[in-house]
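What follows is a single structure, written as structure tokens, with notes after it.
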Amino acid sequence: VRVRLDSTAGAEVKHLIGADGAQLLLTSLIRGAKYAVGIRARNINGYGASSAMTLYFLLPTSPPDVPTHLLQVAGTYGTTAITIQWDPAPSGNLLPIPTYRLYKLSIEND
């Protein structure tokens, strides 16, 4: 049995497995990369057709880092709007950061 692994990095790795094997642990994979895996069997007459490639995506082990330096950059006392800014999260752990979620909390003066 031959298992073929293609990654988004362009590397192709082939693994040969004995006939009694029905599973394979793929190691040293890169977090955030996409992998396509296919398999085909072989006998004395050669290899049979390959299975369809199945796409797998290895998620990072953690969410993005924390954005920093949240500041009010516009708006003064008595206005009804403010502008804020922040430094983007320094790492998306190999994934793009498409959105941020901001929370608003009203605090009343006693």
Efficiency of FRET between ILE17 and SER91 - r from beta-carbon atoms, R0 30 angstrom, step 0.05:
0.25
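Could you put TYR35, TYR47 in order of accessible surface area, largest first, with the 1.4 Å probe and the full protein assembly present?
So, going from the largest accessible area down, we get TYR47, TYR35.
At 0.36 nm per residue, and after removing the present C-alpha to C-alpha distance, how many nm does the segment from ILE84 to ALA33 gain when stretched out fully?
Answer, rounded to one decimal: 15.0 nm.
The values are calculated or read from the model by the stated rules, or taken from the named source; none is laboratory data. In this text, all values refer to a predicted model and were calculated from it rather than measured experimentally. A quick note on method: Cβ atoms are made from the backbone with ideal geometry, for glycine too, and the neighbour counts reach across all protein chains shown. These accessible areas exclude ligands, DNA and RNA; they are computed on the full protein's heavy atoms, side chains included. Shrake-Rupley method; radii C 1.70, N 1.55, O 1.52, S 1.80 Å.
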